[in-house]
Amino acid sequence: MHNYFDTYVVVVVLLLAGAGIVAGALAANRMLRPHRPTAEKLTTYECGVDPVGEGWAHSYVRYYVFAYLYVVFAVDAVFLFPWATVFSAPGYGATTLGEMFVFLAFLATGLAYAGKKGVLSWV
């Protein structure tokens, strides 16, 4: 009878082989690439524009909140598709409908809270 850990030996060998291939590729790249640093090459690249001022910039948090809200509602929309398939299955109609109303109530509560706090206003 085989040892329990014999099956993991293959996985470890493949992981080591993969790591060796990646390390070999990175080492070959480092040895073969030209390395001629100049002052111009070492400056910070900002989309083709010369860097001006300090590295710190003031950004508004509200744009990140809009992005976060979009991600939250996009992920929540992903849950609607499995719900629709289970809803059509026999015997799950009323249960899944009730669960979806609870789910939508949580979403509506969060949206109402965000609106009350003024997060959804652009100005």
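The values are calculated or read from the model by the stated rules, or taken from the named source; none is laboratory data. Every value quoted in this text rests on a predicted model; they were computed, and no experiment measured them. Here the Cβ is made from the backbone with ideal geometry for all residues, glycine too, and neighbour counts use every protein chain on show. Please note that ligands, DNA and RNA were not included when accessible areas were found on the heavy atoms of the full protein model with its side chains. Shrake-Rupley method; radii C 1.70, N 1.55, O 1.52, S 1.80 Å.
The slack in the chain from Leu111 to Thr44, taken as 0.36 nm per residue of separation less the alpha-carbon distance, amounts to 20.1 nm. Near Pro82, once Lys and Arg are set to +1 and Asp and Glu to -1 for all other residues with Cβ below 13 Å from its Cβ, the sum equals -2. Any idea of the accessible area per residue across the chain, 1.4 Å probe, to the nearest Å²? Ligands and nucleic acids excluded, the result is 91 Å² per residue. Only protein atoms count toward the accessible area here, which uses a 1.4 Å probe; on the chain, the carbon and sulfur part of that area reaches 72 percent.
The label point for Tyr68 and the one for Ala25, both projected 7 Å from the Cα toward the Cβ, are 3.6 nm apart. Listed values (i) 0.93; (ii) 1.23; (iii) 0.96 include one computed from this model; for Rg/Rh (Cα atoms, Kirkwood Rh) that value carries the label (ii). Using the rule -39500 (n - 2.57) for each DSSP H run of four or more residues, divided by the residues of the chain, the 222 nm mean residue ellipticity is -21500 deg cm²/dmol. In the assembled protein chains, Phe87 presents an accessible area of approximately 80 Å² (probe radius 1.4 Å). Extension gain, Arg36-Thr95: 0.36 nm per intervening residue step, less the Cα-Cα distance, totals 14.5 nm.
Among the protein heavy atoms, those of Phe5 account for about 130 Å² of accessible surface (1.4 Å probe, every chain in place).
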